[in-house]
Amino acid sequence: MNKEPKLSSLIDKACFDYNLIEKGDRILIGASGGKDSTALIQYFSNRAKRPECGFEYMALNIQSDFAPEFPPKILELFKKWKVPFESIPINISARIKEGQKMNCWWCSTQRRTELLKYALEHGYNKIALGHHLDDMLETLLMNVLNKGEFSTMIPNLQYENYPVRIIRPLCYVAEERIIAHAKKERFAGYVCTCNYQENSTRKEARKKLKLLTEGSVDAKEKMFTALQNIKPEYLP
């Protein structure tokens, strides 16, 4: 029976394959209080202790007006892990224009804008987000089925107009692995929740991904590998 890879090993591989962490980097990590970003922040905390560290990091929570309070137990873990942390309140509801409806994509864009603004103002050259393998495959399905476009999130994205990169170190990690890790480390059960999640088309994409892969982590990993092995000569 093959031994399951450690979460940190999968993140290390992603960082190596996509050159996500470099010497001299100042990395801002989006902290929602959920399992994904918490697992990512724990990884950075542990990696920062390695002799060859060579980078700085900080966790930043963008606290929207309708989101629940950042979980106190996660804050306790951050203190235990010696994680530099800050939380900034923003009134997202006040930004909604007349005739516009709140949705997950728009809210996410507003929070991403605040992360970018903070990074630019404080000299961070990279923003690390907690998007995992399932998120990337769900985005692929959403783009294929809704936009007629074969694209998804990428692990290392350079902004066109700003000196900042978006990195996704969890790109090789299926959600099931994060859930198992969170249970083991006792921070499972904390999620980013709001009243608008039902409006998201991502839930439908999640259902389709589950049907397509039958919930198999191996099948999800094969799908991602397929994205790395595009054969243009066999596509129209």
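The values are calculated or read from the model by the stated rules, or taken from the named source; none is laboratory data. Computed from a predicted model, the values in this text were never measured in an experiment. Note that each Cβ is placed from the backbone with ideal geometry, even for glycine, and that neighbours are counted across all protein chains shown. SASA here: full protein model, heavy atoms, side chains in, ligands and nucleic acids out. Shrake-Rupley method; radii C 1.70, N 1.55, O 1.52, S 1.80 Å.
General observations
- Positions within segment 13-37 being within 20 Å of residue 135 (Cα to Cα), polar (S, T, N, Q) and modelled with pLDDT of 95 or more, in sequence order: 37
- Selection within segment 136-172: residues that are among the basic types (Lys, Arg) and closer than 18 Å to residue 119 by Cβ. The member of this set that is most open to solvent (accessible area, probe 1.4 Å) is 165.
- Checking the stated criteria, residue 34 turns out to be under 23 Å from residue 107 (Cβ atoms), surrounded by fewer than 22 Cβ atoms within 10 Å (Cβ to Cβ) and not basic (Lys, Arg).
- When residues in segment 174-211 are screened for being more than 18 Å from residue 130 (Cβ to Cβ), modelled with pLDDT under 70 and not in a loop (DSSP other than H, G, I, E, B), 2 of them pass.
- Residues that are within 16 Å of the chain's Cα centre (by Cα) and outside any loop (DSSP other than H, G, I, E, B) are absent from segment 143-154.
- Scanning segment 1-31 for residues that are within 17 Å of residue 124 (Cα to Cα) and either open to solvent by less than 60 Å² (accessible area, probe 1.4 Å) or touching a Phe, Trp or Tyr at 6+ places or on another chain (Cβ under 8 Å) (or both) yields 20, 21, 22, 23, 24, 25, 26, 27, 28, 29, 30, 31.
- Residue match in segment 78-99 (condition: in contact with a strand residue (DSSP E or B) (Cβ under 6 Å, 6 or more places away or on another chain), of a type outside the set (A, V, I, L, M), assigned to a helix (DSSP H, G or I) and at negative phi): yes
- Identity of the residue in segment 65-77, of a type in the set (Asp, Glu) and part of a loop (DSSP other than H, G, I, E, B), that ends up nearest to residue 32 (Cα to Cα): 69
- Verdict on residue 74 being within 23 Å of residue 121 (Cα to Cα) and among the β-branched types (Val, Ile, Thr): no
- Scanning segment 37-56 for residues that are without any contact (Cβ under 8 Å) to a residue 12 or more places away in the chain, out of contact with any strand residue (DSSP E or B) (no Cβ under 8 Å at 6 or more places or on another chain) and not acidic (Asp, Glu) turns up 49, 50, 51, 53.
Okay, residues lined up against (1) more than 25 Å from residue 187 (Cα to Cα); (2) open to solvent by 70 Å² or more (accessible area, probe 1.4 Å):
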residue	(1), (2)
85	no, no
89	no, yes
92	yes, no
95	yes, yes
106	yes, no
109	yes, no
117	yes, yes
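- Count of segment 100-139 residues, restricted to those that are of a type outside the set (S, T, N, Q), outside any helix (DSSP H, G or I) and closer than 20 Å to residue 159 by Cβ, is 8.
- Counting only residues that are in a helix (DSSP H, G or I) and either at pLDDT below 95 or open to solvent by 40 Å² or more (accessible area, probe 1.4 Å) (or both), segment 38-64 holds 2 of them.
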